[in-house]
Each structure stands twice: as structure tokens, then as C-alpha cells.
Amino acid sequence: MRPDTTGRTTPYDEADLLRRARAVRARAHVPYSHFHVGAVVVTPTGTYEGVNVENASYRMTTCAEQTAIARMVAEGDRGPVLAVAVVGDGTDPCTPCGACRQTILEFGPDAVVYASGDGGHPLIARIGELLPHGFGPHRLAQGQR
């Protein structure tokens, strides 16, 4: 356990996660946008890497965070997701898109997101800050009464 840049004690090294996400993004398949994104998802029992995979039909494109979470699930891990590091091209932080925010919320309602680009400091936020009033399993269960 070590403190992250906000002083919280975490079971992972935030700088290492961002380094890994930065390295894995080189494997992204981005023949159309040329915008590489790498992600690393952390659970209590493992870490999972992902990259964005584009398709000529943009709707079929898969985000790096989605790839990492799908890999997590395929390997039998259901979380909870503790942290997600996302690194994209450019200097500004690369935050998860709306669909990825929803998926992160589903698997890690208390997850911390570390979003970075090539320059500056990462944006650090809990998923609830990035997706306020999110619709998750707790809300869906209210329809089953």
C-alpha cells in the first residue's frame, strides 16, 4: 500500500499504471483517427491492459477501457475495479468517454480514474465525479421490487 498523489493509500503505484498505459497504447489499432489510447484496469486480484481498436464502421470501434474491462471479465475477474489509468495522444488528459464511464461505474463504483496525455500531470477523479448521477446496478435493482 502506498499513498497516491491525493494522499489516499492505494494497493497500486499510480505512476507505474500511467507508464504501463502509455506503453501499451503503442499497440492500438487506429488506422482512421490515428489517436492511440492505452488503459490499465486494476482490481484486488489483477491488472488488465487494453487499447482502442478502430473499425471502418466507427460504431464498431472499441475503446481501450472497454478492451481492458472485457479482458478482465474474460479472465474470470469481476472486480471491483479499483483504478483505471488512461493515456491518450496529445498533452491534455484523455478522460474516458461516456460509455466507458458507464462501464467503469458498473464494475467499480468507487474506482479512481487517472487520465493523462503526454504532458503535464494526470487528472485524478473518482468515477462518480466523472459520471455524476450514473445509472448503475443499484438503481436497476429498484425495478425488481
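The values are calculated or read from the model by the stated rules, or taken from the named source; none is laboratory data. Everything numeric in this text was worked out from a predicted model, so none of it was measured. Every residue, glycine as well, gets a Cβ built from its backbone with ideal geometry; the counts of neighbours run over all protein chains shown.
Yes/no matrix, rows are residues, columns are (1) under 17 Å from residue 39 (Cα atoms); (2) within 16 Å of the chain's Cα centre (by Cα); (3) of a type in the set (Lys, Arg):
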{"position": "102", "(1), (2), (3)": "yes, yes, no"}
{"position": "107", "(1), (2), (3)": "yes, yes, no"}
{"position": "110", "(1), (2), (3)": "no, yes, no"}
{"position": "127", "(1), (2), (3)": "yes, yes, no"}
{"position": "133", "(1), (2), (3)": "no, no, no"}
{"position": "137", "(1), (2), (3)": "no, no, no"}
| said: Just to be sure I understand, how many residues within region 36-50 are assigned to a strand (DSSP E or B) and surrounded by fewer than 23 Cβ atoms within 10 Å (Cβ to Cβ)? | reply: 5
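Scan region 60-81 for residues that are assigned to a loop (DSSP other than H, G, I, E, B) and either among the polar types (S, T, N, Q) or within 16 Å of residue 43 (Cβ to Cβ) (or both) and report the count.
From region 60-81, those assigned to a loop (DSSP other than H, G, I, E, B) are 61, 63, 75-81; that's our starting set.
Those still in the list that are either among the polar types (S, T, N, Q) or within 16 Å of residue 43 (Cβ to Cβ) (or both) too: 61, 75-81.
Qualifying residue count, region 60-81: 8.
Per-residue answers, yes or no, for (1) touching a strand residue (DSSP E or B) at 6+ places or on another chain (Cβ under 8 Å); (2) touching a residue at least 40 places away in the same chain (Cβ under 8 Å); (3) more than 15 Å from residue 50 (Cα to Cα):
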residue	(1), (2), (3)
74	no, no, no
103	no, no, no
130	yes, no, yes
133	no, no, yes
141	no, no, yes
| request: Read through the list (1) at pLDDT 75 or above; (2) within 25 Å of residue 80 (Cα to Cα); (3) assigned to a loop (DSSP other than H, G, I, E, B), then give the number of the only condition that residue 20 fails. | output: (3)
| Of the residues 119, 136, which is in contact with a Ser or Thr (Cβ under 6 Å, 6 or more places away or on another chain) and at pLDDT below 90? | 119
| Identify, please: which residue in region 72-130 is of a type in the set (A, V, I, L, M) and within 17 Å of residue 23 (Cα to Cα) and is, among those, surrounded by the fewest Cβ atoms within 10 Å (Cβ to Cβ)? | 115
| Does residue 54 meet the test of being touching a Pro at 6+ places or on another chain (Cβ under 9 Å), of a type in the set (Asp, Glu), free of Cβ contacts under 8 Å to residues at least 60 places away in the same chain and closer than 23 Å to residue 128 by Cα? | no
